[in-house]
Amino acid sequence: MRLNPLTSLALAGATAVITTAAASWPLSLAVAAAALALAVRGGIARRLLPAAAAVLVPLCLSLLIMHGLFFPEGWTVLVQWGPARITVEGLAFALERAAQIAAAVLALLVFSFSVHVPDLVAALSARGVQGRFAFVLASTLTLLPAVTSRVHRIRQAQESRGLVIRPGLLHRATAFRLQAVPLVLSLIEEAGTRAAALEARGFSNTGPRTSYRAVPDSRLQRTLRAVLVLAATAAVAARLWLGRAGT
Amino acid sequence: MSSPSLTLPSPGPAAARKRRLLEILGAVAIAGTYVYLVLNQPTDITGGPGSASALIALSGFLVGAVLLIVAVLPTLPASTVVLIPVALVLNIVLGQFVGSTLVPFYLDAIGTVLIAVLAGPAAGAATGALSSIVWSFFNPTVLPFAAGAALIGCLAGLAARHGMFRRFYLAPVAGFVTGIIGGVVSAPVAAFVFGGTSGVATGAIVSAFRSMGDTLLAAITKQALISDPMDKAIVFTVVAVLVYALPRRTRLQFPFIRRHRVLAGQASNEARTQAAAATTGSPAQPTGQGS
């Protein structure tokens, strides 16, 4: 069964929220493992893993350095040299946070790497208010590769005209300017043309839209979405209420 | 470039009032979350699981940012909406470019500030928030910073409206002040949601303050006060350079720039800008002498 993109979004979001609210590291690790398993099964692991690593590795390193070495609130000292003390509490805090963040990041990344962007845009713009948001999302995702290749072309053009990036801040700033100005200028010019074209096709008009792309949806999925949103809200509320009672 | 529709009824005052209400609610959600977090911070950052604050930070800031988007996005003209994806792409591409070649800073707001200068504070705020939301498609950890990014876009637009971009030396000053405010507001997110910062270098600064016995929030706020103002000063300067390098025809197609006289010397320097327009795409003359 093909899921509606909104259903998978609700699934990923609710998973992330509930894991954060539960704040128990066994659950976090289980969610992270489940997300990885889903990614492997869906055949997106090869694209997902580098993206996840780029996000998570610096973050976890930073957490380990920060809390592993310096945790003034910790009292069970393992090793100490100078002002740096490795404490059990610091390490536990760092690992717990890292597991929690990894679970949320992996759940959301599985969604964004598995979702079919045209389906997501169609599902969003079918609901009126989000038409503009859908445009921004789709436009950014399609512009990004185009602009990356344009940056290369501008760089080649400027290099063929004698641009050499020498060391030194001033030279680098000049080189940056030589490449950034044509890029920004062309993008803004194009945006103006696109605005006129969109306006002529009724972009700002309010009212119902029709779409050529039919996104599968069912009563079951609609119910599931509602249940997921309610569950996430309930988890947050329960956590806050318990937290209030605990302190 | 765009004009109000001639055939469709324009939205009535009720719709405008609803949007204004949403805007205010969004701002109140963000401000309230910040105040709550700062007042309640020491209790559960290290004692207990510590995720109640994370949830409050996440939900409060996110709800505020989404409310702002819902309030602002439908009111923007198509010419501005079309610029938002450009801004997001510039945030990503120029940020990477500068980060890898120019200076060791994390310049991820160039596009947002550019749109704020060209199209005003409302567009800047929407661009900042949308930038975080769309970027979280690839990097979910930037999602909680949506409110901070919206604030930076809004402040940049206000600075432009009040003429901070008319004098070249005022732009970095405005950026510095914006960085202070933005850094202070974003610090609780870094502290409570992530328990630290995302970079190893900034993490080292936080560790230094922690080793002096600061609380986590205090350490991260101090770290933000060290790196953010400098970062935003550079971003504002880069944006000033870019905006003044645009040909006059392109600049003046934005009503915000015309109405509030955002840039210097719009009326008199016909010859200079014509020369710049003639050499479009090639380096224009050193910018910034616009006063």
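Computed quantities for the displayed model
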read-out	value
Candidate set: region B:141-159, residues that are surrounded by fewer than 24 Cβ atoms within 10 Å (Cβ to Cβ) and of a type in the set (A, V, I, L, M, F, W, C); chosen: the one farthest from the other protein chains (Cβ to nearest Cβ)	B:LEU158
Matching residues, region A:191-209, being more than 8 Å from every other protein chain (Cβ to nearest Cβ) and within 14 Å of B:LEU83 (Cα to Cα)	A:THR193, A:ALA197
Test result for B:VAL241, over 15 Å from the mean Cα position of the chain (by Cα), within 14 Å of chain A (Cβ to nearest Cβ) and within 20 Å of B:ALA125 (Cβ to Cβ)	no
Search result, residues across region A:210-236 that are within 14 Å of another protein chain (Cβ to nearest Cβ) and either at pLDDT below 85 or buried (at least 17 other Cβ atoms within 10 Å of the Cβ) (or both)	A:ALA232, A:ALA235, A:VAL236
Which listed residue, of A:ARG153, A:ARG172, is in a helix (DSSP H, G or I), at pLDDT 90 or above and not hydrophobic (A, V, I, L, M, F, W, C)	A:ARG153
Residue in region B:75-85 that is modelled with the lowest pLDDT, counting only those that are more than 7 Å from chain A (Cβ to nearest Cβ) and assigned to a helix (DSSP H, G or I)	B:THR75
Which numbered condition B:SER100 misses (of (1) crowded, with 21+ Cβ neighbours inside 10 Å; (2) modelled with pLDDT under 85)	(1)
Subset of region B:60-74 that is surrounded by fewer than 24 Cβ atoms within 10 Å (Cβ to Cβ) and within 8 Å of another protein chain (Cβ to nearest Cβ) - its residue that is modelled with the highest pLDDT	B:VAL70
Residue satisfying condition, being in a helix (DSSP H, G or I) and at negative phi, within set A:LEU187, A:LEU163	A:LEU187
Filter result (at pLDDT below 75, within 17 Å of B:ILE220 (Cβ to Cβ) and within 9 Å of chain B (Cβ to nearest Cβ)) within region A:67-106	A:LEU69, A:PHE70, A:PHE71, A:PRO72, A:GLU73
Residue match in region B:223-246 (condition: at pLDDT below 85 and in a loop (DSSP other than H, G, I, E, B))	no
Set A:ALA37, A:ALA23, A:ALA54: member being within 13 Å of chain B (Cβ to nearest Cβ), of a type outside the set (Lys, Arg) and closer than 29 Å to A:ARG222 by Cα	A:ALA23
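This table checks each residue for (1) without any contact (Cβ under 8 Å) to a residue 12 or more places away in the chain; (2) in contact with a Gly (Cβ under 6 Å, 6 or more places away or on another chain); (3) in a helix (DSSP H, G or I); (4) farther than 29 Å from B:LEU242 by Cα.
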{"position": "A:ALA191", "(1), (2), (3), (4)": "yes, no, yes, no"}
{"position": "A:ALA197", "(1), (2), (3), (4)": "yes, no, yes, no"}
{"position": "A:PRO216", "(1), (2), (3), (4)": "no, no, no, yes"}
{"position": "A:LEU224", "(1), (2), (3), (4)": "no, no, yes, yes"}
{"position": "A:VAL227", "(1), (2), (3), (4)": "yes, no, yes, yes"}
{"position": "A:VAL236", "(1), (2), (3), (4)": "no, no, yes, yes"}
{"position": "A:TRP241", "(1), (2), (3), (4)": "yes, no, yes, yes"}
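The values are calculated or read from the model by the stated rules, or taken from the named source; none is laboratory data. Remember, predicted model here, so these are calculated numbers, not experimental data. All Cβ positions, glycine included, derive from the backbone under ideal geometry; neighbour counts span all protein chains shown.
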